[in-house]
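*Asks:* Once you've had a glance at the structure underneath, I'll fire off some questions.
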Amino acid sequence: MTVKSVLLAAGLCLLPGLACAQASPVYIEKIDMPMAAAAHEVESVLHDGGYKIVLKLNILKLIGAQQKTLKIPDFNARHFSDIRAIVFCNPFDFSKLINSSWPVAAGCPLTLDIFSKGQTSYVVYGLRADYALTPKSRQIAESLDTSVIKVLQGIPMSRVEKEVPNIAKK
């Protein structure tokens, strides 16, 4: 077997994994604002939508501070200027999840990440319906996802991204 055929076979084996990665259940909202303004707007719409913000993390800063120890190859190769995570929860939705299928409540609090590069930010929310174990909990999780998306669509100067944006490496 030639090197070329081995590489081709390995590449074909990886394709299903890539297809799954591209089909990840995420919702992306593009905001024409730098991080500080985008984060403020996201927090405002979440609050107005009845969500309580539990935790805010500057992920890029936290991991970047450990880079000398961790030695992650190509760390932040896409050169994002800031990456933050927000942990939030709607107390009423949380109660519904606990009461319908308590293990599904592990999907709440919810998280979203904000990726920023210059004057543009992206809000990425992982959809929770795939975590549901029962039809009732799936119904609640889908309702929860719909509510979060509706709230995120209220961010000024934002629009839905139908595909994962190609943020070029530099």
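*Asks:* May I ask you to list the residues in segment 128-146 that are in contact (Cβ under 8 Å) with a residue 40 or more places away in the chain, surrounded by fewer than 18 Cβ atoms within 10 Å (Cβ to Cβ) and in contact with a helix residue (DSSP H, G or I) (Cβ under 6 Å, 6 or more places away or on another chain)?
*Replies:* Within segment 128-146, A129 is the sole residue that qualifies.
*Asks:* Mind checking whether some residue in segment 105-126 is surrounded by 15 or more Cβ atoms within 10 Å (Cβ to Cβ), hydrophobic (A, V, I, L, M, F, W, C) and more than 22 Å from G49 (Cα to Cα)?
*Replies:* no
*Asks:* Checking the conditions here, which among D130, D113 is in a helix (DSSP H, G or I) and among the acidic types (D, E)? Talk me through it step by step, then tell me what you get.
*Replies:* Values: D113 fails: in a helix (DSSP H, G or I).
That would be D130, the only listed residue that is in a helix (DSSP H, G or I) and among the acidic types (D, E).
*Asks:* Take the residues in segment 129-163 that are touching a strand residue (DSSP E or B) at 6+ places or on another chain (Cβ under 7 Å) and of a type outside the set (S, T, N, Q), then tell me which one is farthest from K52 (Cα to Cα).
*Replies:* E161
*Asks:* For segment 58-72, state whether one or more residues are farther than 20 Å from A39 by Cα and surrounded by 15 or more Cβ atoms within 10 Å (Cβ to Cβ).
*Replies:* no
*Asks:* Among (1) farther than 18 Å from V45 by Cα; (2) surrounded by 12 or more Cβ atoms within 10 Å (Cβ to Cβ); (3) of a type outside the set (D, E), where does I149 come up short?
*Replies:* Only one criterion is unmet by I149, namely (1).
Taken together, the values in this text are just the output of simple stated rules run on the coordinates, not laboratory data. Please read these numbers as outputs of a predicted model, since none were measured by experiment. No Cβ is skipped: glycine too gets one built from the backbone with ideal geometry, and neighbour counts run over all protein chains shown.
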